[in-house]
Structure formats: structure tokens, C-alpha cells
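Undergrad: Mind having a look at this structure? Questions to follow.
The values are calculated or read from the model by the stated rules, or taken from the named source; none is laboratory data. Small disclaimer: the values here were computed from a predicted structure and weren't measured. Quick reminder, even Gly has a Cβ in these numbers, built from the backbone with ideal geometry, and neighbours come from all protein chains shown. Just the protein is used for accessible areas: all its heavy atoms, side chains included, with ligands, DNA and RNA removed. Shrake-Rupley method; radii C 1.70, N 1.55, O 1.52, S 1.80 Å.
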Amino acid sequence: MPYEYKGVKIYWLGHDSFRISDGATIYVDPYNIAGGPPADIILISHDHFDHLSLDDIRKVVKDDTVIVAARHCGQQLKGFKNIELVVAGSKVSVKGVEIEAVPAYNVNKFKEPGVVFHTKAYGGVGFIINIGGVRIYHAGDTDLIDEMKNFRVDVALLPVSGTYVMTAEEAAQAANIIKPSVAIPMHYGAIVGSVADAQEFKRRCNCEVVILSKER
């Protein structure tokens with residue numbers, strides 16, 4: 001079952017993948033999904049295989065679907081019709097939905113000494129989505145970063161697994177800085193992380209936390 005906030009329905013599809021709907025149907029980072037209602041908008045935070053999955057995009061794309069993606073995704077997406085490439089700070093309006101790309105990067109998750117998995121220069125993004133007057137933040141793959149102090153959102157979708165993204169403790173710190181009405185944990189249960197990370201996140205948060213069951 002989805003979580004509903006002021007008429008906007010939020011479905012967790014596993015890992016970092018969500019479907020958000022209120023008139024328009026939005027998918028964020030569809031990966032390993034079964035399919036679902038056709039997409040009006042697809043958001044892609046960065047080009048790693050578990051976020052930009054061409055097979056999964058094809059399951060829900062239609063002729064007039066608009067794909068909003070981090071700029072470095074352009075080459076992989078060139079076969080699709082309607083592409084908006086963004087960088088942190090970009091704002092676009094698509095089918096009545098306001099979308100702002102915001103920074104997403106690592107500060108303390110290293111693939112080798114001194115080299116993080118997602119550098120700021122790499123250009124991955126998160127998204128703040130304004131749909132039906134509800135502001136939803138999808139963090140993408142990120143650590144706790146200074147820019148979060150400026151985010152004003154109703155619902156925050158935050159990664160909690162560690163390794164490549166925030167740990168549960170760091171994600172709770174992020175939620176306590178952003179102060180959403182509701183936080184929803186993600187980035188667990190597929191490649192890294194488990195429901196225990198989501199539960200630890202909930203225990204540490206000062207705001208309401210909803211742990212969603214994966215949609216089938």
C-alpha cells in the first residue's frame with residue numbers, strides 16, 4: 001500500500017525507486033521494477049546501473065513521457081524522445097509539476113583512499129518535486145551535506161544503508177536538519193542495507209517516519 005500525504009500517493013518500488021502520483025504519475029530511479037502505470041515523468045538521479053536502468057525505463061515509458069535526468073545521463077538516454085538534462089540548481093516545470101535538481105554527493109564514503117564513490121563534480125542530483133502543492137525530496141545517492149540546511153520539504157525520501165550513501169544515523173541527522181513532516185527510508189533491501197537500517201533510522205529521527213513495504 002502507498003503512503004498518502006495530502007492526496008499525493010507515494011509507492012516504494014524497492015531500493016531507491018518510487019512511484020509518486022497525484023494526477024501525474026512520476027517514477028524516480030526505476031530499477032528492477034515489475035512495471036506499472038505508464039509514466040508522465042521519469043526522474044533519473046545519476047547514471048549508475050541501479051538508478052539509470054534502460055530496461056526498467058522501457059517498462060513504463062510512453063510517447064509523451066518526459067525524462068528529467070542528471071546531465072551526465074544524456075548519452076545513455078539518447079534513444080528516448082523527451083529528455084530534460086539538469087544539474088544541481090536547475091528548475092524545470094513538466095506537466096504541471098515543478099522539479100528542482102539539488103546536489104547529491106559523498107563526503108565520507110570511499111571506494112579507495114581519498115576517492116569517494118559519488119564526487120560533487122560527477123554531477124549526480126537529488127530532486128525536490130512539487131506535485132499538488134506537496135514538496136517531496138528524493139535525495140539520490142548522497143551523504144549528509146551542507147546544502148540540506150536550505151531544503152524546505154514536506155516529505156523526505158532518504159537513503160539509510162551506508163556503504164555508498166548515508167548510514168541510518170547520518171540519515172536521521174539529515175532528517176533532523178531538514179525537518180520534513182514525514183521521512184521515508186530508502187536504499188536498502190536490494191544491493192546493500194536491510195530493514196534493520198530503516199528501523200534504526202526511525203528510532204533516531206525526531207519527525208514521523210514511515211517505513212513502506214515494497215510494491216509488488
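Undergrad: Could you tell me whether segment 68-84 includes any residue that is touching a His at 6+ places or on another chain (Cβ under 9 Å), open to solvent by 50 Å² or more (accessible area, probe 1.4 Å) and modelled with pLDDT of 95 or more?
TA: yes
Undergrad: Right, something else. Given the conditions (1) closer than 24 Å to Y164 by Cβ; (2) assigned to a helix (DSSP H, G or I), report the number of the one that D47 does not fulfil.
TA: (2)
Undergrad: Further question: What are the residue pairs meeting all of these: first residue in segment 61-83, first residue closer than 29 Å to T119 by Cβ, second residue part of a strand (DSSP E or B) and among the charged types (D, E, K, R), Cβ atoms under 6 Å, and 6 or more apart or on different chains?
TA: V68/E84
Undergrad: Moving on to the next point. Among the residues of segment 92-116, how many are modelled with pLDDT of 95 or more and among the aromatic types (F, W, Y)?
TA: 1
The rows are residues; the columns are (1) closer than 20 Å to D47 by Cβ; (2) touching a strand residue (DSSP E or B) at 6+ places or on another chain (Cβ under 9 Å); (3) at pLDDT 95 or above; (4) not aromatic (F, W, Y).
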site: V125; (1), (2), (3), (4): yes, yes, yes, yes
site: G132; (1), (2), (3), (4): no, yes, no, yes
site: A168; (1), (2), (3), (4): no, yes, yes, yes
site: N176; (1), (2), (3), (4): no, no, yes, yes
site: R203; (1), (2), (3), (4): no, yes, yes, yes
site: V209; (1), (2), (3), (4): no, yes, yes, yes
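Undergrad: Continuing with the same structure: Please work out if D64 is open to solvent by less than 50 Å² (accessible area, probe 1.4 Å), part of a loop (DSSP other than H, G, I, E, B) and out of contact with any helix residue (DSSP H, G or I) (no Cβ under 8 Å at 6 or more places or on another chain).
TA: For D64, the condition - open to solvent by less than 50 Å² (accessible area, probe 1.4 Å), part of a loop (DSSP other than H, G, I, E, B) and out of contact with any helix residue (DSSP H, G or I) (no Cβ under 8 Å at 6 or more places or on another chain) - is not met.
Undergrad: Identify all residues within segment 1-42 that are in contact with a helix residue (DSSP H, G or I) (Cβ under 9 Å, 6 or more places away or on another chain), at negative phi, in a loop (DSSP other than H, G, I, E, B) and without any contact (Cβ under 8 Å) to a residue 60 or more places away in the chain; write none if there are none.
TA: Correct list: P30, I33, P37, P38, A39.
Undergrad: So which residues in segment 178-201 are open to solvent by 60 Å² or more (accessible area, probe 1.4 Å), modelled with pLDDT of 95 or more and touching a Gly at 6+ places or on another chain (Cβ under 9 Å)?
TA: V195
Undergrad: Would you check which residues across segment 101-112 are under 18 Å from H72 (Cβ atoms) and either part of a loop (DSSP other than H, G, I, E, B) or open to solvent by less than 70 Å² (accessible area, probe 1.4 Å) (or both) and list them?
TA: A101, V102, P103, A104, Y105, N106, listed by residue number.
Undergrad: Let me ask another. Sort through D47, D55 and tell me the only one that's over 18 Å from the mean Cα position of the chain (by Cα) and acidic (D, E).
TA: Matching residue, one of D47, D55: D55.
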